[in-house]
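The values are calculated or read from the model by the stated rules, or taken from the named source; none is laboratory data. Since the structure is predicted, the reported quantities are computational estimates derived from the model, not experimental observations. Here Cβ is always computed from backbone atoms with ideal geometry, including for glycine, and neighbour counts include all displayed protein chains. The area values use the complete protein model at the heavy-atom level, side chains included, leaving out ligands, DNA and RNA. Shrake-Rupley method; radii C 1.70, N 1.55, O 1.52, S 1.80 Å.
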Amino acid sequence: MFSTPLISPDNTWALMAITCGWAAFSIYAEQTWAWASKMSGAIVALLGALILTNVGIIPPNCVFFDDIVWGYVVPMAIPLLLLSCDIRKIGKEAGKILIIFLIGAVGTALGAVLGYNLLASKVDNLAGVAAMMTGSYIGGTVNFAAMAGAFEVPGEASSAAVVADNLLMTLYFFVLIAIPSIKFFRTKFTHPHLDEVEAQGVSEEAKTQAAAFWGKKPISLCDIAINFAISVIVVWVSTEIAALISAAFPSGNGIVTDLIGGLFGNKYLILTTISMIIATAFAKPLEKLGGSQEIGTYLIYLFFFVIGAPASIKAIFLNAPLLLVFCAIMVIVNMLFCFVFGKLFKFDLEDCILASNACIGGPTTAAAMAISKGWIKLVGPIMLVGTLGYVIGTYFGTFIGNFLGA
């Protein structure tokens, strides 16, 4: 990747044009060409960002990616996509995914121990990195930062771990998105949500499965206005509530305080909860509201592009090749736990995929994957289960760090 990208990080309009343009191309490709439909539009979006970053066209980080898409676009997308998630209908699915998620969390921790025993003699500060990555691969960035501070991991080690994580996450998403198309997994697992999407068939007008699923539907100006109003209001209220709870229960004042502050002070958990309460309380009128799934899914495609941007292939091979191996060991063990135990417990393929994704990538990436595959009924459950990882990730990470002597 070039040190100075062709488009500077502060050229927001250019970066917005590329992001929106490639997202549009990804959606068009998925609904028009068989190869893109098999790959999925999400992979097309990720690959576009990965290539553009590594050939020096766009920067890996910028205000538009980090502040606007992550800070505004993603939170707005979630309420829109949860407006069809009636709590009364998803309890069963949430329970199943929670079990696999917790099993996957144990797999993540054991993967950290395995990777440490294999690579500790070759990588400095690996015990601290193991604690950080355990927290991150069960929770998210907030857990990564918490572990870095708790175990005083040097800045260069933290930076190298971030670089390794960025590339691995991109490769990992490719694998997870491809799994439903692999014959081995389709024959070994039940997959009712995948079957439901495929049962819609492909007509002459709809050239691919995606085109059939996202066929044209009526939507009015009033629908658009109501969708955006609900989304923005829910995000605003959730942010305010989360800030109040976090201030009332600051971290570092005991396990109970940490648990309350970490769980109920998380904006995404509150956002998900409020959205699903609205979806349940106003289920009938919301059924008549057009466009919420389409608008929310479009916003998620912008997110897919952005998460592919920070993966610098050159930086990995120059600075952190063994850390990439270490992170890969953790991810592979997590996936083995999710899929092996999922098979033993006779869980659906979709449950195993999303539970592993929620562990490694967090609730937003897991929800985005569910959306990209058309598994809309699983968006609410995986958001709830994945958000739990933000709470337990720090505890798992702390245990692993202490166990390995960080």
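Overview of values
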quantity: Selected residue [more than 30 Å from G215 (Cβ to Cβ) and touching a helix residue (DSSP H, G or I) at 6+ places or on another chain (Cβ under 8 Å)] from I353, I382, I329, I376; calculated: I329
quantity: Any chance S40 is among the polar types (S, T, N, Q) and surrounded by 22 or more Cβ atoms within 10 Å (Cβ to Cβ); calculated: yes
quantity: Search result, residues across the range 392-406 that are open to solvent by 10 Å² or more (accessible area, probe 1.4 Å) and either modelled with pLDDT of 85 or more or in a helix (DSSP H, G or I) (or both); calculated: I392, T394, Y395, F396, T398, F399, N402, F403, L404
quantity: Test set (1) at pLDDT 80 or above; (2) more than 17 Å from D351 (Cβ to Cβ); (3) in contact with a helix residue (DSSP H, G or I) (Cβ under 8 Å, 6 or more places away or on another chain); (4) open to solvent by 40 Å² or more (accessible area, probe 1.4 Å) - Y172 fails condition number; calculated: (4)
quantity: Test for S238: is it in a loop (DSSP other than H, G, I, E, B) and either modelled with pLDDT under 90 or surrounded by 13 or more Cβ atoms within 10 Å (Cβ to Cβ) (or both); calculated: no
quantity: Of all residues in the range 368-379 being at pLDDT 80 or above and in a helix (DSSP H, G or I), the one that is surrounded by the most Cβ atoms within 10 Å (Cβ to Cβ); calculated: V379
quantity: Tally of residues being among the hydrophobic types (A, V, I, L, M, F, W, C), in a helix (DSSP H, G or I), over 23 Å from F305 (Cβ atoms) and touching a residue at least 40 places away in the same chain (Cβ under 8 Å) across the range 342-358; calculated: 3
quantity: Residue match in the range 191-211 (condition: in contact with a Gly (Cβ under 7 Å, 6 or more places away or on another chain) and modelled with pLDDT of 85 or more); calculated: no
quantity: Within the range 375-406, tally of residues that are under 18 Å from L83 (Cβ atoms) and in contact with an Asp or Glu (Cβ under 8 Å, 6 or more places away or on another chain); calculated: 4
quantity: Wholly enclosed helices (runs of 4 or more DSSP H) of the range 49-152 bearing at least 1 residues modelled with pLDDT of 85 or more and under 16 Å from the mean Cα position of the chain (by Cα); calculated: 74-82, 87-119, 126-136
quantity: Top-ranked residue in the range 275-285 [being more than 20 Å from the chain's Cα centre (by Cα) and surrounded by 18 or more Cβ atoms within 10 Å (Cβ to Cβ); ranked as modelled with the highest pLDDT]; calculated: I278
quantity: Subset of the range 297-334 that is within 15 Å of the chain's Cα centre (by Cα), at pLDDT 80 or above and not hydroxyl-bearing (S, T, Y) - its residue that is nearest to L52 (Cα to Cα); calculated: A309
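Listed here are the residues, each with its yes/no results for (1) touching a strand residue (DSSP E or B) at 6+ places or on another chain (Cβ under 7 Å); (2) surrounded by fewer than 23 Cβ atoms within 10 Å (Cβ to Cβ); (3) free of Cβ contacts under 8 Å to residues at least 40 places away in the same chain.
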{"position": "C20", "(1), (2), (3)": "no, yes, no"}
{"position": "E30", "(1), (2), (3)": "no, no, no"}
{"position": "A34", "(1), (2), (3)": "no, yes, no"}
{"position": "I51", "(1), (2), (3)": "no, yes, yes"}
{"position": "G56", "(1), (2), (3)": "no, yes, no"}
{"position": "N61", "(1), (2), (3)": "no, yes, no"}
{"position": "L82", "(1), (2), (3)": "no, no, no"}
{"position": "R88", "(1), (2), (3)": "no, yes, no"}
